[in-house]
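Here the structure is laid out as structure tokens; the discussion comes afterwards.
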Amino acid sequence: MIADTTKAIEATKQLVAAVPFLGGSASEKDYRDALALVDYLIENDDENPLIDFLAAKIADFEDSSEQFAEFNKAIAEMPVGVALLRTLIDQYKLSYSDLKNEIGSKSLVSQILSGQRSLTITHIKALSARFGVKPEWFL
């Protein structure tokens, strides 16, 4: 038991030396390195348990870091459907005009994203079909 404990402690020290963000480092560089490592692991070793450890630390950091405070506040105040639409636009690298079939004009997309207009049931159904997500995720 003591030999296993010693091995576990040494392995932990080596891991923290290799990935300082896991040890509590709050530097911008270590945060960015952790993000890059998660991306790499997802692409190359998506079963690696290190993904879960890093994702939890990253989420904690982003939830509590002052540099994300304004962003977190804006997201909390944003309607869920708009937040999801923004995420989909970002993930798929879309322009507003790419959503013409689902929403309409670029100006209407802009108005929805700025909170001036709301997504309609027709928009939600079309977006759900396009992106393969449940309509209720927009509500």
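Below, the figures for the structure above:
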| item | result |
| --- | --- |
| Solvent-accessible area per residue for segment 30-71 (1.4 angstrom probe, square angstrom) | 71 Å² |
| Cα-centred dipole magnitude for segment 1-55, charges only on beta-carbon of K, R (+1) and D, E (-1), debye, nearest 20 | 340 debye |
| Cleavage-rule hits (chymotrypsin sites (Phe, Trp or Tyr not before Pro)) in segment 41-127: DSSP loop, at most 15 neighbouring Cβ within 10 angstrom | Y92 |
| Using θ = phi - 60° and Karplus 6.51 cos²θ - 1.76 cosθ + 1.60, couplings along segment 79-89 (whole Hz; Gly, Pro as x) | x, 4, x, 5, 4, 5, 4, 4, 5, 5, 4 |
| Which label in (1) 18.0; (2) 15.1; (3) 22.1 gives the computed Kirkwood radius over Cα pairs in Å | (1) |
| Amide H within-cut-off set for R117, under 5 Å, with H built and near neighbours excluded | I112 |
| At most 11 other Cβ within 10 Å, DSSP loop - GluC sites (Glu not before Pro), segment 22-113 | E47 |
| Computed magnitude of the charge dipole of segment 70-127 (debye, nearest 20; Cβ of K, R +1, Cβ of D, E -1) | 140 debye |
| Segment 35-139 - charge dipole about Cα centre, Lys and Arg +1 at Cβ, Asp and Glu -1, debye rounded to 20 | 920 debye |
| Loop-located trypsin sites (Lys or Arg not before Pro) in segment 58-139 whose Cβ has at most 10 other Cβ within 10 Å (DSSP) | K93 |
| ³J(HN,Hα), Karplus 6.51/-1.76/1.60, whole Hz, each residue of segment 57-63, x for Gly, Pro | 5, 5, 4, 4, 4, 5, 6 |
| For segment 117-125, 3J(HN,Hα) per residue [Karplus equation, 6.51 cos²θ - 1.76 cosθ + 1.60, θ = phi - 60°, Hz, x = Gly/Pro] | 10, 10, 5, 9, 4, 4, 4, 4, 4 |
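The values are calculated or read from the model by the stated rules, or taken from the named source; none is laboratory data. Keep in mind it's a predicted model, so treat the numbers as computed, not measured. Please note: Cβ atoms are built from the backbone with ideal geometry, for glycine as well, and neighbour counts cover all protein chains shown. Ligands, DNA and RNA are stripped out before the accessible areas are found, and what is left, the full protein with its side chains, is counted by its heavy atoms. Shrake-Rupley method; radii C 1.70, N 1.55, O 1.52, S 1.80 Å.
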